[in-house]
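A quick write-up on the structure given underneath.
Readers should treat all values here as calculations from the given coordinates under stated rules, not as data from a laboratory. What you are looking at is a predicted structure, and each value in this text was computed from that prediction instead of being measured. Neighbour counts run over all protein chains shown; Cβ positions are idealised from the backbone, glycine included.
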Amino acid sequence: MAPMKKLQTWLVAAAAVVAMAAMAPRAQAQELTIGTIGAASDAPLFIADAKGYFAEQGLKVKFVRFDSAAKMIPSLSSGEVDVGSGATSAGLYNAVARGIGIKIVADKARNTKNYSFEAIMVRSDLLDSGKVKSLKDFKGLKVAISAKGNSEDALMNYALTKNGLSIKDIDPVYLGFPNQIAAYANKGIDASLTVEPTVTKLLQLGAAKKLITADEIFPGFQTAVIFYSPKFTQEKDNAKKFMIALVKAMRFYDDSLAGGHIAGPNADEVIDILVKYSFLKDPAVHRAIVSQVVDPDGNLNVPALEMAWKYFKDVGEIDGKVTVKDVIDMSYVQEATKVLGPYKNKVDE
């Protein structure tokens, strides 16, 4: 074959290969929907996205904001939301009792001695006047809780019970955390169970003062967890990849902590991420907050979950047939920690 003919034949073949490659479907990142409350405690989820940890695993995510995890349950049940985050609730156990396989799969935020980021707050004028001195004075008060029938409802009841009252002695007002700021300002509430960064914002505004922290009420209280929807638990490969990215982000977050605050080596980067992703856009507040801690291996404080479960059962919000152990699946974090290896640093809990 003449040299020119050979060249023409090669060019035609090369053009065909290029055309076929262009027509072939391109591999796309799996897109997942994550439900959050947009608070500082969502930091590991936000970090995993901002740092590209999800992308490393071939995952693309979008965040949808809810007032509370209790309000995520229908969306998790239907598969509209793949991954949820927040407090446990009676709705979780009732959904599982109906055969909807939502699972608690990892820690998201807990309170410890140095990192109790959740507290019972009281309106400043009530404390200053002496009208309220302790939880024993809560009878008849309007108290904001993020959602009815969640673990914060249970924690408030636990705190009141230790002081001779119960949830029945207060007037609950169910409000998302950011909305509690305006409620204090117009004296629509007297007290609240509130998480950071809203706690610090209230302190800075002078609207409310801290009465007692969650860790003082129940040591190591598990404020929030990560949920997988039934649909996502069936996507085994993606569910494992998601957890690898999340545990990596948990460790990056823990590396940013020092002395109860986001003040460690990664602090500036974590605060930039929180300003971008969370509902609070003031970096000074993020620096001032008492931070939550997250277990670097994703482990849970099961006794705290069991305390909330008992409350749901005692007040008749669940029948108790589905237990805490029935809704927990730690296999994802266990596999992730095997892939990532042991956490090398230590959180000053």
- Note on the structure: Loop-resident trypsin sites (Lys or Arg not before Pro) in the range 297-329 with no more than 12 other Cβ atoms inside 10 Å, DSSP not H/G/I/E/B, are LYS321
- Task: Just check the range 273-338 against the gyration tensor rule for me: Cα atoms, a ≥ b ≥ c as the square roots of the eigenvalues, rounded for a/c under 1.5, and otherwise prolate or oblate depending on whether a/b exceeds b/c.
- Result: oblate
- Message: Give me the net charge for the shell around GLN204: Cβ to Cβ below 13 angstrom, other residues only, Lys and Arg +1, Asp and Glu -1.
- Response: +2
- Highest mean first, what order results for 334-347, 100-113 on Cβ atoms within 10 Å? 100-113, 334-347
- Of 277-288, 203-214, ordering from highest average Cβ density within 10 Å down gives 203-214, 277-288
- Query: Roughly how many whole Å is it from the C-alpha centroid of the range 225-254 to that of the range 161-180?
  - Reply: 32
- Query: For the range 72-85, what does the Karplus curve 6.51 cos²θ - 1.76 cosθ + 1.60, with θ = phi - 60°, yield as ³J(HN,Hα) per residue in whole Hz, taken in order and with x for Gly and Pro?
  - Reply: 7, 3, x, 6, 5, 4, 7, x, 5, 10, 7, 10, x, 8
- Item | Burial ranking of peptide ranges 161-172, 39-50, 73-84, 295-306 (average Cβ count within 10 Å, highest at the top) | 39-50, 73-84, 295-306, 161-172
- Assertion target for THR233, THR194, THR36, THR200, ordered by fewest C-beta neighbours within 10 angstrom first, is THR233, THR200, THR36, THR194
- What helix-only [θ] at 222 nm does the chain give? Using -39500 (n - 2.57) per DSSP H run of at least 4, over all residues, to the nearest 500, the answer is -12500 deg cm²/dmol
- Message: Rounded, prolate or oblate, given the Cα gyration tensor of the range 109-161, with a/c below 1.5 counting as rounded?
- Response: oblate
- Item | Between 0 and 90°, nearest 10: helix 302-314 axis offset from the chain longest Cα axis | 60
- Query: Once fully extended, how much extra length lies between GLN234 and ASP171, figured as 0.36 nm per residue of separation less the alpha-carbon to alpha-carbon distance?
  - Reply: 18.5 nm
- Task: Classify the range 118-217 as rounded, prolate or oblate, taking a ≥ b ≥ c as the square roots of the eigenvalues of its Cα gyration tensor: rounded when a/c is under 1.5, otherwise prolate if a/b is larger than b/c and oblate if not.
- Result: rounded
- Applying 1/(1 + (r/R0)^6) with R0 = 35 Å to the Cβ-Cβ distance of LYS142 and GLU31, what FRET efficiency is obtained, to the nearest 0.05? 0.25
- Item | Unit Cα scatterers, Debye sum, the range 58-98: log10 I(q)/I(0) for q = 0.22 Å⁻¹ | -0.71
- What does the charge add up to near THR194, with Lys and Arg as +1, Asp and Glu as -1, over the other residues with Cβ less than 11 Å from its Cβ? -1
- Query: Which net charge results when you count Lys and Arg as +1 and Asp and Glu as -1 among the other residues whose beta-carbon is under 13 Å from that of GLY140?
  - Reply: +1
- Query: In degrees between 0 and 90, to the nearest 10, how far off the longest principal axis of the chain does helix 3-23 point, with axes built from Cα atoms?
  - Reply: 20
- Task: Run the quick spin-label model on ALA182 and VAL339: label points 7 Å from Cα toward the beta carbon, then report their separation in nm to one decimal.
- Result: 4.2
- Mind giving me the FRET efficiency for ASP326 and GLN204? R0 is 35 Å, r the Cβ-Cβ distance, nearest 0.05 is fine. 0.25
